[in-house]
Structures are given as C-alpha cells and as structure tokens.
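Participant: Questions regarding the structure given below will be posed in turn.
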Amino acid sequence: MEKLKSVVPSNIMRMISESTADDLPSTCSSLLDFFLSLQLFHDVVRELTDPELGLCRKNAGAALDFKKKGNECFSSGDYAKALSFYSQALRSAPMDKGDETDKNLVPTLYVNRASTLHKMGLTVESVRDCNRAVVRLPSYTKAWYRRGMANASMGNYEDAIQDLDIAMNMELSSGGNSKIKEELEIIKKQSRRVKNSPKKASNTNCSSIVEPFQTKLKCVSTSTKGRGIVSTVDVSQASLIHFEEPYAVIITKACRKSHCHFCLNELPADTVPCSSCSMTLYCSQYCQEQAIGQKPGIDLNVIPASGNVSTDLKRYVERISLENSGHPVADSNPACMAEHRHECGGVHWPAVLPAEIVLAGRFLVKKIEAKKYSKRAMDSPEALELCHNYGCMNPETKLEIHIYAIVLTYCLQLSYADEVSPSGLSQLAVLISQIKVNSMAVVHMKSPDACEQGKHSGGLSPMDNTLTNQIEQVRVGQAIYSTGSLFNHSCQPNVHAYFLSRSLFIRSTEFVEAGYPLEIPYGPQVGQGDLKDRQKVLGDQYSFRCQCSGCSELNLSDIVINALSCVKPSCFGAVVDRSMVNGKRQGANCIQDVSTIRCLEQPLPVDKQKRDDVSEVAHLLFEHKDGLETDIGYCLNCRSYRDLESSQKAIRQAEINIKRLQSRVTTGKLDRRIVSDALGSLDILRLTMHAYNKYIAQVEDSFAEAFCSIGDFQSSVQHCKASIKILEKLYNPNHIVIGNELVKLASLQQCLGDNTSALDSINHLDAIFSLYYGSHAAKVVPYLNSLKREASKLFQLGDTASSSNSTRG
C-alpha cells in the first residue's frame, strides 16, 4: 500500500486531509478515478486477488515435499520435527478429491501425524487425526489400525476392539492380518482385566455452565461521550453484567500460527487446516466447519460391502464424524454466516491487508449475507449505532482509509460482484472508520511455563522458572461486539472486560448505581501511564480527548508516577519533574504535561478517599484555594528546591548498571559483581526519585528476577514486595495488576518454603481474580489452580513436619 500512497497527487491528498464524513463520496470518487488510470493500482489488485499469484493456494507438490521430510524425521526419531512437517504438509495439501494420489494424500498425512502424536504420548490428538482419516477414506486399513492402538493406549478398549476388527476385515495380506489379530487378542485380555476392576467415580466438571446475570443494560446519550451504556438497576460488585458473541472477528497476524482462526484458543498439536487455502488453521473440525460454513463429506461408496459389516461400518463412521466435530451443536453457525469462505481460494489479500481491514470485510459480508435471509440487514452499522471520529483523524489515517476502502472493494468483488461496487466506497470508508474506533482487542491470559508443566509433568514445580510463571497477556484477535462496542472509556473503569475463546464477558469491579455510566478502559489506566501517555494513546488510536474522572480529578498516580523526591529526608513530598514545565512552555506539543500542570495550578476536585494519599505527597495543593503556582524543582509539601539537572544526571548514570543487570538476566550471564553494582544504582534511584515513582517499581521487579535466577529467593521476595508496595499506591491494592504480581510473589514464597505467606498471597490474588473474573477465574488464568494446589500441598507438608517435630520434642 505504501507504493499507492506515494503516488497520490498533492491536490487529492489535500482534499482528503481536509475532508469530513460528508465529503467522502467526493474524495473517494476522485481517488478512485486517479487509481483507475494508474497501471500500478491494477497490478496491486491483481497480486492480491489472482489465485495463481496467491501465496495461500494449495500445492500438492509442496505437501509431498513436507511429507518426505516428515517421514525422514520420524524414521530418525525426531518426532517434534516430524509433527511440524506433517502439519505443514496438511496445510498445503489439496483437500478436494481428485485422482487416486490426491484422494489418498490427506488421509495418509493424517495417519502419519497420528503415528507421530502417539509416539509423543498425545493419544487423544492421535485418535482425532485417525478420525479425520477414516471420515475422508473409510476403507483406509492403516487408519483403523492406528486408531485402535491409540484407543487402547487410553483404555478405550471397546472402541479399540471395534477398530482393530474393522482393520482385520479390511487387511488383504496374511502377514498384516496376523499382526492385527495378535494385537487384538492382547487388547481383549486387557479389556477383561479392566472390566473386573472397580470403576472410579467420574469427576464431572460443571465449571463450563454459563453464569447467570440479572443486569438490564440500556444505551443512552451523554453530553461529553456520545452514546454509552448504563444499567437500569443497581449493580453489585463482581457481578457479571454482560455476555456476548462477536458480530465479526479476525485473528491477529502474530497469532496465526499459534491460535485457532475461529475460536481464538491456542492450537493443539493436531491442527486442522482450511480446506481451501493454506493460511488458516483451526483447533477442531467444528471450528473449521463454522468458519467456512460446510462439513466434509463422508465417501461411503469406498466402504467394502460384505454382509452386515458395511451397514454397521457406515453407522460407526457417521458416529465418528459427529464426535470429531468437537462440538455438540452441529449447525450453530449457518452457512450464510461463514466468516472465512469469501477469503478462501488461494488469494492472499486476507493475509496481506491489515487485520482491521479484513475485519471490515467480514463485517460487510455478514451484512450482505443477512440481507439474503431478511428484508432488512440485521445489525447493520446504523443498527449497531457505531460512531466514528473520521473528521478528527489525522491526514495520513484518512488517506489510508480511502486507499483500503478502494482496494477492499475490488477484493470483495471476487465473491460479491453484485453486492459490492465502487458506488459504495464512501459507506465502506465510514465502516473502516467505525472499525478503528469501535473494535475491541480480544486478549487472552496465559502463564506459559505453568501450563506446560501442568501438561507434561502432571504438576507444578515451584523451583522451575519461578518468575517466568507470570500472567502474560496475548492479543489474539480484533472484534466488533454489537453491545460491547458501545461501552464508553474511562481511565478509572468500574467494569472489566475479558474473553473466553471469542466470547466477551463484562463484570463490575465496584458497586454501580442504576443509571450511572458503565465504562471500560480502551487503553492505559490510571497507574499504567501518566496523563500525557494516556491522552496520547487515546488520541492517536480513537481520536478523542479523554475527560473521565481519572483525567479530570486529581490522582496520586499522576503526581508521583514520574516524580522526584524532596531533598529533605524527613519530607515525603513530590517534586515536579522538568518535563511538566517544558510541556507548559511548549503548549500544544505535550498534552500530559499541560494537564498535569493544570491539575496542580487549578483547584480540581479530589475524591475524599484519595485526599489523604494526595495530601501525603502534595499537601500544599489543599492550602491554596486558588491553585498552586508550580515552580520547577520545588517540593509540593515543603517547597524545598531540588536541582533537576544534577538529579537527572545521577539517574542516567544509575540506569547504566540497571540496564546491564536486566540484559544479563535475559542472557543468563549474571554474576554477583553486576548485582552489587546495580544495587548501588538502586540506592541512588531511591534517593533521587520519589518512593512511588513507577520506574523504581520496575527496577525492583528486575532485581526480584535477578535474585531468583541465582537462587537467592529471600532477596527476590523482598524486592518483589517492594515493587508491589509501589504498584498498590499507583493503582489500588485490589487492582488486577496487583493480582498478576502476586502470582510471582506466591511462587517465590513457595520456593523459599514460606508456605503460610504463600497461602496469604494466593488468597489475596484469588480474591482479586474472583472480583475481576468471577467463576471464570480458573479458565481465564490457567495457572491459578495449579498454584493453589501446590500451595495447599506444601502447606499440608509443612503442618505434618511441624507436628512431627513437636511430638519429638
């Protein structure tokens, strides 16, 4: 797209940069007329839409090459690489049944991968791959044999016996038949032993039941924020107030190889490729069916007919096919709403264009498909009441919107030539603007090491990678939600949005009166960044200036997050940083700096609960009813002066050793001398910066990781606590950020053997996660249950040891 941007004439660029939403029909038409006379434009469109030039088309030759590499790795015992090559082969292999070679390729690849998975101990995944093979080719003896062996490994003897019976009846060679018969006899004996053993009670997991909610939401108009959401009844703390599936969703480019393109969950080892392109991957047959709107057919004609075997086998294959869909509801996403089907066929515009542009395409396609089954378009942009701030966007963004609207129109015409035409360019430009402002980032939480330990070792060892067992946020998708997209922003939100798969959940984090706005954070919250950073993110991404309570009221965080300390050891006051005064002088260049000065120089309201905290570091603000004249370098408590130039020089010098420490922790080349030098620098920072300065919290966290890496858990715990203490002031003790930090602290305390403190930390983080996630806490934060189980186990061991010692005494 950069090439197209570079050739746009200056007069059209000027017209677009000065345009409003009402001007879009004219500006879009002018740019289109110019592009149509340009060979470069036609070349770009052809590269994006011609299947013969597409990077995502199926390729049997590539599939065979990957298969060969997989076979070589399997033979040498490198099963991990074999798995990767077989999966790549499946992505490339044509799924349509052509000649005999093509017809057998995909089932063969599934069985080869199933054998690899079985070798790796992934028997459930192995059975699923065998299912896919027998559904495509029910006469494939090897698939039935492999399925039987995998089922036997899991103790599913009834299915295993039936699988091997089928394989034995299909096997033509006497040697192969004898081998299957021997395996069958062994499994039958194992089955009889299991039948005579007492059965264990099944542990039914009921946590998947959807949590009920009673809140009634209403869309209202506000004077400062436009449309927003309120509740018609009082909302108690930790209440689930909203649940919703997306109207349209797209996976992020960074997660295309690691997450399912439909449900957005992490991919298993037995990934399911798209049937028509080599780009998309799914976690199950169900997700593939929902995304493309069709089910794979079962070729029952290839099942050998021999008496009653054929009829029974047909029923068995049909049952396997239904089970392999991976979901009890087979038709929850009708074919007319298939979100990926128009992107298939080998064209690579869905892979090349930005995710939000592809999302706009999915939104438009859903609207088009809905019209076919309804007199009016359900949930159109107008019906969804999505706003746009096109007029406030910068010139470069406006130009990009115009270019992408034109390019997307020509891409969609491949599948919707009658419904999508250049005459609708202005509406598509508005839709793209709406997507930019209203789409939500779908974020999943994970703790990688903990998950891996739980999978492969059956438990959690707190001594392993303690500080890497932290909560990690992964932006997996971008989506439009019919109601969720109407929630307004606040830097101090009263509700929390989170995701399970692609489903949106919104939960209250405090009591909210009926009629009071329910607001979520679009970007950084109070505590994450200062006022300047928050306003810049919101202005750049959403084109509005925030006027929430966090930006219009005085907050401790905005005063101290980058503040220096008073030169008097006995004074806890904050010293205004140089950047604030520079911002005051520069005026328009620095939103936060002007805003922070305004907070100090004008008498802004302060919440009663926050007043004591603010007074601790800046009590002079409350002694000047007309505002405080803020001078550079003066303490907000005692007016003592700090030399900012020498202070900044000391900070820059200290940062050298801190950065060296952080670098060595990352590379694993840490020694005591580097730690000692960095500790000296930390002392300098503590003397120069305010105690609640966020940079000190980050440095304390680095020391916690450093000491953990060299096995000094006592020091690691101390620094982790010091970091949390600062963050509790910048946020609040029950903020989700504190819960994430407590995960690290609890792991360190377990390593130290301080089981009582570990349980206290876990109880605290459990309370925080329950506030933000309710009954979904364990699903959203997969590491939570493992941590709690390990802590309880260690605590019980500690009690046993204490009891034993007292008996001896």
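The values are calculated or read from the model by the stated rules, or taken from the named source; none is laboratory data. In this text the structure is predicted, and so the values were computed from the model without any measurement. Neighbour counts are summed over all protein chains in view; Cβ atoms, including those assigned to glycine, are modelled from backbone coordinates with ideal geometry. Note: areas computed on protein heavy atoms with side chains; ligands, DNA, RNA excluded. Shrake-Rupley method; radii C 1.70, N 1.55, O 1.52, S 1.80 Å.
Participant: In what sequence, highest mean first, do 364-371, 107-114 appear when ranked by Cβ atoms within 10 angstrom? Show your work: numbers first, answer last.
Facilitator: Values: 364-371: 20.0, 107-114: 25.8.
Packing order, densest peptide first, comes out as 107-114, 364-371.
Participant: Can you work out the FRET efficiency for the pair K649 and R475, with r the C-beta to C-beta distance and R0 = 30 Å, to the nearest 0.05? Please list the in-between numbers first.
Facilitator: Working: r = 38 Å, r/R0 = 1.27.
Once the sixth-power term is evaluated, E becomes 0.20.
Participant: A further question follows. For T666 paired with M154, estimate the spin-label separation in nm (one decimal), with each label point 7 Å from Cα along the Cα-to-Cβ line.
Facilitator: In this crude label model, T666 to M154 measures out at 4.2 nm.
Participant: If the chain between K218 and Q609 were fully stretched, how many nm would it gain, using 0.36 nm times the residue separation less the Cα-Cα distance? Intermediate results must be reported in sequence, preceding the final value.
Facilitator: Details: separation 391, 0.36 × 391 = 140.76 nm, distance 2.95 nm.
Extending this stretch completely gives an extra 137.8 nm.
Participant: A further question on this structure: Return the distance in nm (one decimal) between the two label points of a simple spin-label model at R227 and D760, each offset 7 Å from Cα along Cα→Cβ.
Facilitator: In this crude spin-label approximation the distance works out to 5.0 nm.
Participant: Quick one: if the Förster radius is 41 Å, what FRET efficiency do E18 and M337 give, using the C-beta to C-beta distance and rounding to 0.05? Mind showing how you got there, number by number?
Facilitator: Numbers: r = 39 Å, r/R0 = 0.96.
For E18 and M337, the calculated efficiency is 0.55.
Participant: Another question, then. For the range 654-706, give the percent of accessible area contributed by carbon and sulfur heavy atoms, probe 1.4 Å, rounded to a whole number.
Facilitator: Values: 1210 of 2470 Å².
Answer for the range 654-706 is 49 percent, counting heavy atoms of protein chains only.
Participant: Using a Förster distance of 45 angstrom, determine the FRET efficiency expected from the C-beta separation of E510 and D43, and round it to 0.05. Before the final figure, lay out each step's value.
Facilitator: Working: r = 56 Å, r/R0 = 1.24.
Efficiency at R0 = 45 Å is approximately 0.20.
Participant: Could you work out how much longer the chain between S775 and D312 gets when fully extended? Use 0.36 nm per residue separation minus the Cα distance between them, nm to one decimal. Intermediate results must be reported in sequence, preceding the final value.
Facilitator: Values: separation 463, 0.36 × 463 = 166.68 nm, distance 4.36 nm.
162.3 nm is the gain from fully extending S775 to D312.
Participant: Another question, if that's okay. Report the label-to-label distance for A62 and A370 in nanometres (one decimal), using points 7 Å from each Cα along the Cα→Cβ vector.
Facilitator: 3.5 nm
Participant: Can you compute log10 of I(q)/I(0) for the range 491-555 with the Debye formula, treating each Cα as one identical point scatterer, at q = 0.12, 0.19, 0.20, 0.27 Å⁻¹?
Facilitator: Normalising to I(0) and taking log10 leaves -0.35, -0.81, -0.88, -1.19.
Participant: From the C-alpha gyration tensor of the range 708-760, pull out the three semi-axes of the equivalent ellipsoid (sqrt of 5λ each), sorted largest to smallest, in whole Å. All intermediate terms of the calculation are to be shown ahead of the outcome.
Facilitator: Numbers: eigenvalues 80, 30, 13 Å².
Gyration-tensor ellipsoid for the range 708-760: 20, 12, 8 Å.
Participant: So, with a 1.4 angstrom probe, what is the percent of accessible area on the range 712-794 that is carbon and sulfur?
Facilitator: It is 48 percent, rounded to a whole number.
Participant: Could you sort 132-144, 682-694 so that the peptide with the highest average Cβ count within 10 Å comes first and the rest follow in order?
Facilitator: On the way: 132-144: 23.6, 682-694: 19.8.
Result, highest mean Cβ count within 10 Å first: 132-144, 682-694.
Participant: Another question about this same structure. For the range 744-785, what does the accessible surface come to per residue with a 1.4 Å probe? Please give it in Å².
Facilitator: Values: 1240 Å² over 42 residues.
Here the residues of the range 744-785 average 30 Å² of exposed surface.
Participant: Using a 1.4 Å probe over the heavy atoms of the protein chains, calculate the carbon and sulfur portion of the accessible area of the range 54-177 as a whole percent. Please list the in-between numbers first.
Facilitator: Values: 2530 of 5130 Å².
The computed percentage sits at 49.
Participant: Let me ask something additional. How much length is gained on full extension from S423 to V537, taking 0.36 nm per residue of separation minus their Cα-Cα distance? Write out the running numbers ahead of the final one.
Facilitator: Details: separation 114, 0.36 × 114 = 41.04 nm, distance 3.41 nm.
That pair, S423 and V537, stretches by 37.6 nm at full extension.
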